[in-house]
Amino acid sequence: MNVVVGVGGGIAAYKAAELARALGERGCAVNTVMTRSAQEFVRPLTFAALTGRKVITDLFADRSADEVLASSVEHIRVARENQLLIVAPATADLLARFANGLADDFLTTLYLAFSGPVLIAPAMNAQMWNHPATQANLALLKARGVEVVEPGSGPLACGEVGAGRLAEPGLIAERALALLAPARRDFEGETVLITAGPTQEALDPVRFISNRSSGKMGYALAEDAARRGARVVLVSGPVNLAAPAGVEIVHVRSAADMRNAVLEQLTAATMVIKSAAVADYYLENAPPQKMKKAAMRMSIELSPTPDILAEVGRIKGDRLLIGFAAETQNLAAEARRKLETKNADMIVGNLVSQEGVGLESDMNEVILVRRGADPLALPKATKRQIATQILDEALRLRLALHAVTRS
Ligand SMILES: Cc1cc2nc3c(=O)[nH]c(=O)nc-3n(C[C@H](O)[C@H](O)[C@H](O)COP(=O)(O)O)c2cc1C
């Protein structure tokens, strides 16, 4: 598999070297294109040594007219000979030039000449990332089908803390390989209803109770199901993630909103996956005005939120119902109890007390507690990989349990 890694001029350029190596280890032939600015951060020699290939650094390299005629124009040749273009780090400047169709160096000219899938991994200072110009350019590129590996949040090289860190090279490589793999269409004909993210329960007009769910697991499930041919309806609590391509999204805030949206969408669904971390309690009759601070203790009486999983379990008919259980102890027993009491077909249990997996992480480690089968432990993997395995298992379970009769 031939891929191009386009390197932009940002501090994270050195991580592109790790990406090139990760792609090489996964069997890709890696061709590197560096912008002029990228070469201020890392020397082309690094990439040449890691990939064993010449690095392209200039649109007008030292070549005679005869050579150009003999080997065709290089950016067109590179566009034809590679199956995927990955840009990492994608600078704010590259996003702007791609979005506006500029072609003033090799990488931007290649981008326009390239007809295959494009994967970009932006990295920049948080202010630059959040700037409306950058976000507008990104939205335009997404709308044109460019795949984006979102940057992570954390301490940035500029000393600030926020969104803008280049995603981990291993994660970018994995996304690249997923794009290259021919998609299985084994979810064609299914309508998968997925819930994701936290809910927010208002305490007053400005405050709420919520949890640390990022929504990444549910979004990964939605993306994979859509890629495999399903119609996907994603009912999402407030999260900081872009809607996956080809997915119908319904935005909600509270558990009550989520319940209403799920019940509204249920009729068409053949499979329901409830990965949202729905709040367990809410404040009935939240005050219409902001609560005032006073120098005394206060207590708030909370009421239980609707149990959406149990409600769907009662009326699910032939639909396959998958729930999630986030626990800090007794995971398998709790997941089994939930499976029975909620009439689910599978519970995906994860221990949220572990460092580096679960709620806010890109990684997860889960146990699948299935109706009529032994529990299946899935070792630590990215949420995308876990999503694929959950969907594989859902199809297997569907065959084992019953043939679907759709209404
Ligand atoms: C020290 C330094 C670090 C920079 N880091 C970034 C960065 O992380 N992301 C970014 O978008 N631009 C960054 N820039 C600005 C880009 O280098 C600049 O916009 C340049 O024109 C990008 O060129 P390119 O898009 O052709 O690679 C940085 C500049 C300097 C001097």
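Couple of notes before you dig in:
- Selected residue [on the phi < 0 side of the Ramachandran plot, in the same structural domain as ASN260 (by TED's automatic domain parsing) and exposed (fewer than 11 other Cβ atoms within 10 Å of the Cβ)] from GLU334, GLU311, GLU340, GLU301: GLU301
- Output for the stretch 75-101, where each listed residue is in a loop (DSSP other than H, G, I, E, B) and near the ligand (Cβ under 10 Å from one of its atoms): THR91
- Counting residues in the stretch 255-270 that are at pLDDT 95 or above and touching a His at 6+ places or on another chain (Cβ under 7 Å) gives zero.
- Residues of the stretch 124-180 that are touching a residue at least 40 places away in the same chain (Cβ under 8 Å), farther than 18 Å from ALA245 by Cβ, of a type in the set (Gly, Ala, Ser) and away from the ligand (no atom under 14 Å from the Cβ): GLY170, ALA173.
- Odd one out for GLY27, checked against (1) at pLDDT 95 or above; (2) out of contact with any helix residue (DSSP H, G or I) (no Cβ under 8 Å at 6 or more places or on another chain): (1)
- When the stretch 23-59 is filtered for residues that are of a type outside the set (A, V, I, L, M, F, W, C), assigned to a loop (DSSP other than H, G, I, E, B) and touching a residue at least 40 places away in the same chain (Cβ under 8 Å), the ones remaining, listed by number, are ARG26, THR35, ARG36, SER37, THR57, ASP58.
- Every test in (1) touching a residue at least 40 places away in the same chain (Cβ under 8 Å); (2) β-branched (Val, Ile, Thr); (3) closer than 27 Å to ASN350 by Cα is passed by VAL247 save one, and that test is (1).
- The number of residues in the stretch 11-55 being under 17 Å from LEU171 (Cβ atoms) and within 14 Å of the ligand (Cβ to nearest atom) comes to 4.
- Hey, LEU309 touching an Asp or Glu at 6+ places or on another chain (Cβ under 9 Å), under 18 Å from THR199 (Cα atoms) and aliphatic (A, V, I, L, M) or not: no
- Residue check for ALA268: in contact (Cβ under 8 Å) with a residue 40 or more places away in the chain and assigned to a loop (DSSP other than H, G, I, E, B): yes
- When ASN260, ASN240 are checked against the criterion of being in the same structural domain as LEU302 (by TED's automatic domain parsing) and either of a type in the set (A, V, I, L, M) or outside any helix (DSSP H, G or I) (or both), ASN240 stands alone in meeting it.
- Some residue of the stretch 102-112 being within 13 Å of the ligand (Cβ to nearest atom), surrounded by 15 or more Cβ atoms within 10 Å (Cβ to Cβ) and closer than 28 Å to LYS383 by Cβ: no
- Of the residues contained in the stretch 117-133, one or more are found to be modelled with pLDDT under 95, within 22 Å of LEU177 (Cα to Cα) and either touching a Ser or Thr at 6+ places or on another chain (Cβ under 9 Å) or not acidic (Asp, Glu) (or both).
- Complete set of residues in the stretch 107-119 that are in contact with a helix residue (DSSP H, G or I) (Cβ under 6 Å, 6 or more places away or on another chain) and more than 12 Å from GLY8 (Cβ to Cβ): THR109, LEU110, ALA113, PHE114, PRO117, LEU119
- One residue from ALA49, ALA92 being at pLDDT 95 or above and surrounded by fewer than 18 Cβ atoms within 10 Å (Cβ to Cβ): ALA49
- Listed by position, the strands (runs of 3 or more DSSP E) inside the stretch 294-407 whose residues that are among the small types (Gly, Ala, Ser) number at least 1 are 320-327, 346-351, 376-382.
- Sole residue being at pLDDT 85 or above and assigned by TED's automatic domain parsing to the domain that holds GLY215, chosen from ASP374, ASP362: ASP374
The values are calculated or read from the model by the stated rules, or taken from the named source; none is laboratory data. All figures in this text were calculated on a predicted structure; none of them were measured in a lab. Using ideal geometry, Cβ is built from the backbone for each residue, glycine included, and neighbour counts are taken over all protein chains shown.
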